1. Regarding the stretch 133-142, can at least one residue be identified that is surrounded by fewer than 18 Cβ atoms within 10 Å (Cβ to Cβ), in contact with an Asp or Glu (Cβ under 9 Å, 6 or more places away or on another chain), within 25 Å of CYS305 (Cα to Cα) and not hydroxyl-bearing (Ser, Thr, Tyr)?
2. Mind listing whichever residues of the stretch 271-289 are in contact (Cβ under 8 Å) with a residue 60 or more places away in the chain and buried (at least 20 other Cβ atoms within 10 Å of the Cβ)?
3. Going residue by residue through the stretch 274-292, is there one that turns out to be assigned to a helix (DSSP H, G or I) and small (Gly, Ala, Ser)?
4. Residues in the stretch 8-20: is at least one assigned to a helix (DSSP H, G or I), modelled with pLDDT of 95 or more and either of a type in the set (Phe, Trp, Tyr) or within 30 Å of ALA312 (Cβ to Cβ) (or both)?
5. Please find, within the stretch 63-115, the residue that is surrounded by the most Cβ atoms within 10 Å (Cβ to Cβ) out of those that are in contact with a Cys (Cβ under 9 Å, 6 or more places away or on another chain) and of a type in the set (Lys, Arg).
6. Looking at the stretch 28-62 only, could you name the residues that are buried (at least 19 other Cβ atoms within 10 Å of the Cβ), part of a helix (DSSP H, G or I) and of a type in the set (A, V, I, L, M, F, W, C)?
7. Among the residues of the stretch 321-345, how many are within 23 Å of LEU292 (Cα to Cα) and touching a helix residue (DSSP H, G or I) at 6+ places or on another chain (Cβ under 9 Å)?
Amino acid sequence: MSAPRDARGCAVTGASARALEHYERALGGFLAWTGEPRGEARRAVEAAPEFVMGHVLEAELHLCSRNPADMQGALQALRRAQRLPQNARERMHAASIATALRGDYARARELLACILERHPRDLLALAVSHTIDHYLGDTRDLRDRVAAVLPAWSRADAGYHGVLAMHAFGLEEAGEYARAEDAAFAALELEPRDIRAHHARAHVLEMQGRSAQGLRWMGERAAYWTGAGASSTHVWWHLALYHLELGDARHALELYDRRLGGEALNELIDASALLWRLQLHGVEAGPRWDLLAERWAPHAADAFCAFNDLHAMLAFVGARRADLARRLLRAQRRRLAHGGTNETMLRVVGLPACQALAAFGKEDYARAALLLRGLPAVSHRLGGSHAQRGLIGKTLQVAQARINRDRPHFSHLRKMGSVPI
């Protein structure tokens, strides 16, 4: 009897027909940023406890989180998979997960690349490696990895819309805006509810300065991308940036109040990034900073992801929470001794950026500018998108302006006190 296969023809071990249905729904949700992928993955392994790729999917969904609390769930799912008979492809997935859990995301994606060389239709390997490319700020592989497997795919394949959406984002981050827009439209033609594809085009419109068009287009399609938790929050963040770029800070702040109140780490990141940009534009945030800092406080000592740390520091500086800023900087220094992917990110850009923000909060703009000045060339090592990393350059511009005229837009803030930098 032949081994069962997923919807793209990849052999899977221990699956039942019902488990595969849940698996495909989970994978589809992961691709389109919709539904409840983790819940569907859990149901897949409940339907077939020996379904190796069900456990692998559950582990990798946890692994793709920026929240260190999710790593325990990834480890538990990995251990369940490791106790089961596996084919060669499944063993490689398990090895990649174990490597990432040790902190070596660069090696983990190399193992996923080996899978894709032999199995270019392994959609989970593609989606996870694409996520890691994004987290590592590798814009070349973000584009080229998807492009390399495209010849093995067709419109008739399950999940092809997700492949196109990933390709669109990779093209956009590489500056190929026309091709990115075409790929996003092609993905949406196949699956109008693909939030990842909406997001890719949102980036294109922002990078090309087409903010008014972005507001119109995203507004017309709001029914397709709203109501999906943190994924929708991030799209609302893009709409707020459109308003801000059009000089309409009032509507941007209204979107902050109405749409950016979630507790997921990605939602906290969006909240910090928007409120900081508003502050740089001279918009008074009032008690919002204090509330946001409290939401970030449980993560002050994580030092798990430099991208997280940067956005936590924005909140701590904005709220004048010198205690939390000190806790974050101490945690980063401890993390530097542990090695792994985040160690490199912290040393090259994460720690200097957070030190610069702490100096900014103390109104030491000369120190902030000195630290920030060397970061744009290496800021991609922080991960995230060009749009997200742009706040480093914006903060540098404001710091330099304060040096020249000594009239900070943050005049309502008291100095943060003694924060060792």
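1. Taking the stretch 133-142 and keeping what is surrounded by fewer than 18 Cβ atoms within 10 Å (Cβ to Cβ), we get 140.
Filter once more, so that each one left must be in contact with an Asp or Glu (Cβ under 9 Å, 6 or more places away or on another chain): 140.
Right, trim to within 25 Å of CYS305 (Cα to Cα) and you get 140.
Pick out the ones that are also not hydroxyl-bearing (Ser, Thr, Tyr) and you get 140.
Taking every residue of the stretch 133-142 in turn, at least one turns out to be surrounded by fewer than 18 Cβ atoms within 10 Å (Cβ to Cβ), in contact with an Asp or Glu (Cβ under 9 Å, 6 or more places away or on another chain), within 25 Å of CYS305 (Cα to Cα) and not hydroxyl-bearing (Ser, Thr, Tyr).
2. Across the stretch 271-289, the qualifying residues are ALA273, TRP276, ARG277, GLN279.
3. From the stretch 274-292, those assigned to a helix (DSSP H, G or I) are 274-280, 288-292; that's our starting set.
Keeping just the survivors that are small (Gly, Ala, Ser) gives none.
Checked against the condition, which is being assigned to a helix (DSSP H, G or I) and small (Gly, Ala, Ser), the stretch 274-292 yields no hits at all.
4. The first filter runs over the stretch 8-20 and keeps only residues assigned to a helix (DSSP H, G or I), leaving 17-20.
After this cut, where a residue has to be modelled with pLDDT of 95 or more as well, the list is 17-20.
Filter once more, keeping what is either of a type in the set (Phe, Trp, Tyr) or within 30 Å of ALA312 (Cβ to Cβ) (or both): none.
Within the stretch 8-20, none of the residues are assigned to a helix (DSSP H, G or I), modelled with pLDDT of 95 or more and either of a type in the set (Phe, Trp, Tyr) or within 30 Å of ALA312 (Cβ to Cβ) (or both).
5. It comes out as ARG89.
6. Selection gives PHE30, LEU31, ALA32, ALA41, ALA44, VAL45, VAL52, MET53, VAL56, LEU57, ALA59, LEU61.
7. Kept after step one, since they are within 23 Å of LEU292 (Cα to Cα), are these residues of the stretch 321-345: 321-332.
Keeping just the survivors that are touching a helix residue (DSSP H, G or I) at 6+ places or on another chain (Cβ under 9 Å) gives 321-329, 331-332.
Counting residues in the stretch 321-345 that are within 23 Å of LEU292 (Cα to Cα) and touching a helix residue (DSSP H, G or I) at 6+ places or on another chain (Cβ under 9 Å) gives 11.
Let's see how each residue does on (1) without any contact (Cβ under 8 Å) to a residue 60 or more places away in the chain; (2) closer than 19 Å to ILE392 by Cβ; (3) surrounded by fewer than 23 Cβ atoms within 10 Å (Cβ to Cβ):
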residue: GLU254; (1), (2), (3): yes, no, yes
residue: LEU291; (1), (2), (3): yes, no, yes
residue: ARG295; (1), (2), (3): yes, no, yes
residue: ALA301; (1), (2), (3): yes, no, yes
residue: HIS311; (1), (2), (3): yes, yes, no
residue: VAL317; (1), (2), (3): no, yes, no
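The values are calculated or read from the model by the stated rules, or taken from the named source; none is laboratory data. The model shown is predicted, which means the values in this text are computed figures rather than measured ones. Ideal geometry is used to build each Cβ from the backbone, glycine not excepted, and the neighbour counts take in all protein chains shown. With ligands, DNA and RNA removed, areas are computed over all heavy atoms of the protein, side chains included. Shrake-Rupley method; radii C 1.70, N 1.55, O 1.52, S 1.80 Å.
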